[in-house]
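> Let me give you the structure first, and then I'll get to my questions.
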Amino acid sequence: MSSSYGGTSAFDRLRARLDRRSHACEECGFVDEEGSWEAVTTGATVEYRRECPSCGTERVHRYRL
């Protein structure tokens, strides 16, 4: 079953939601239209990470499961 939010799992849908948000770097102001969020999980948490290609600042959204 697919969703209008971009995926079949809750993780896919959350990543699609994050991808729809503005991607202007808080440090340098660079707007990244091409990048996507990477998901990393430890089993207890899920982290979505995105690095600014201009200055290297990493943005992280962390969710406890």
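> Can you work out the FRET efficiency for the pair Leu65 and Ala24, with r the C-beta to C-beta distance and R0 = 30 Å, to the nearest 0.05?
According to the calculation, E is roughly 0.55.
> In degrees from 0 to 90, rounded to the nearest 10, what is the angle of the helix 10-20 Cα long axis to the longest principal axis of the chain?
For 10-20 against the chain, the angle is about 30 degrees.
> For region 10-64, what does the accessible surface come to per residue with a 1.4 Å probe? Please give it in Å².
71 Å²
> From largest to smallest, what semi-axes in whole angstrom does the chain give when each is the square root of 5 times an eigenvalue of its alpha carbon gyration tensor?
23, 15, 8
> Describe numerically, in nm with one decimal, the distance between label points set 7 Å from Cα along Cα→Cβ at Glu47 and at Val31.
My value for the distance between the label points is 2.9 nm.
The values are calculated or read from the model by the stated rules, or taken from the named source; none is laboratory data. In this text the structure is predicted, and so the values were computed from the model without any measurement. Cβ atoms come from the backbone with ideal geometry, glycine included; neighbour counts cover every protein chain shown. Heads up: the accessible areas ignore ligands, DNA and RNA and are worked out on the full protein's heavy atoms, side chains in. Shrake-Rupley method; radii C 1.70, N 1.55, O 1.52, S 1.80 Å.
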